[in-house]
Amino acid sequence: MSDNSALVTGAGSGLGQATARRLARSGRYVVLFDRDGEAAARTAKELGDNAVAVGGDALVDADVETALDAATAVAPLRAVVLCAGGAPRSERTVTRDGTPHDPDLFRRVLQLNVETTFNVLRLAAARMAAQEPALSGERGSVVLTSSIAAYEGQVGQLAYAASKGAIVSMTLTAARDLAAAGIRVNTIAPGTMHTAAWDGYDDIRKALEAKVPFPPRLGDPDEFAALAEHMVTNGYVNGTVVRLDGAIRFEPK
């Protein structure tokens, strides 16, 4: 894999960081792209000479192009894993005091999750499509990140569930759009993963872990990374969404 490069968004922490680490361990040159450029730089330093950090916003074309330049300057870009996103806060469709959902919050969540995914997907796919294909005819693989909230959004997750559902819906269409270019597109829909965001919330975490059928724990970010790597390397996995959740199904709240 040493003749390939990869781009991982949201690579300064959490799922993106774990994915960047795994892809770098496999020998790829990895570009870690994150709004928190310092966090991405710390991880890139840990990974050594086959990793570099680029700070920037996934909504800004110039920032994304800078990250793509960094990847393609070293080797053909064969893998892109999109982990950037977020959920500022939860809010019901109508709050308990009768106030309708804040439309600005809804737009912001769609921007954080859907627009960032769309923007990096389109720009990265254009770079991949311009490359010479591998012997298999493939030019690259893109992995998107959704959530099981796309299927079982809980109370207060209207905006978040809508944004993650949009990513699920993008998957097959993007795979079909890009088939002629030899680019595969797949999506991971994780359940609750044990990232640093859970630090200090042990009681809530343990209660949630007890609801996971098996194994009764939160997911490890490296398990997400392992699935992302498999989607990158298995040439017949295309246009699919895989849940990564220990068989949990979210309750209404």
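Throughout, read-outs are computed from the coordinates displayed, never taken from laboratory work. Only a predicted model underlies this, so the values are computations on that prediction, with no experimental measurement involved. Cβ: placed from backbone, ideal geometry, glycine included. Neighbour counts: every protein chain shown.
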Pseudo-spin-label distance Ile204 to Asp69, built 7 Å along Cα→Cβ, given in nm, is 4.1
Across all Cα atoms of the stretch 75-202, Rg and the largest Cα-Cα distance (Dmax), in Å, are 17.2, 61
Bridge orientation stat for the chain from DSSP, antiparallel percent rounded to 5, came to 5
Rounded to whole angstrom, the alpha-carbon centroid of the stretch 72-117 lies from that of the stretch 13-29 at a distance of 22
The set of residues whose placed amide H lies less than 5 Å from the amide H of Ala51, leaving out same-chain residues fewer than 5 positions away, is Val30
FRET efficiency (Arg92, Thr233; Cβ distance; R0 25 Å; to 0.05) is 0.05
Karplus-derived 3J(HN,Hα) from phi for the stretch 37-48 (6.51 cos²θ - 1.76 cosθ + 1.60, θ = phi - 60°), whole Hz, x at Gly and Pro, runs x, 5, 5, 4, 5, 4, 5, 4, 4, 4, 7, x
Contour minus Cα-Cα span, Asp220 to Gln154, at 0.36 nm per residue, comes to 21.6 nm
Scalar couplings 3J(HN,Hα) for the stretch 168-180 by Karplus 6.51 cos²θ - 1.76 cosθ + 1.60 (θ = phi - 60°), nearest whole Hz, x for Gly and Pro, are 4, 5, 6, 4, 5, 4, 5, 4, 6, 4, 9, 4, 5
Pseudo-spin-label distance Asp57 to Arg25, built 7 Å along Cα→Cβ, given in nm, is 3.5
With x for Gly and Pro, the residue-by-residue ³J(HN,Hα) of the stretch 55-66, computed from phi through the Karplus equation 6.51 cos²θ - 1.76 cosθ + 1.60 at θ = phi - 60° and given in whole Hz, is x, x, 9, 5, 8, 9, 4, 4, 5, 5, 4, 4
For Arg42, placing the label point 7 angstrom along Cα-to-beta-carbon and taking the stretch 210-224, residues whose amide nitrogen sits under 16 Å are none
Taking Cα atoms, the helix 14-25 axis meets the longest principal axis of the chain at an angle in degrees (rounded to 10) of 20
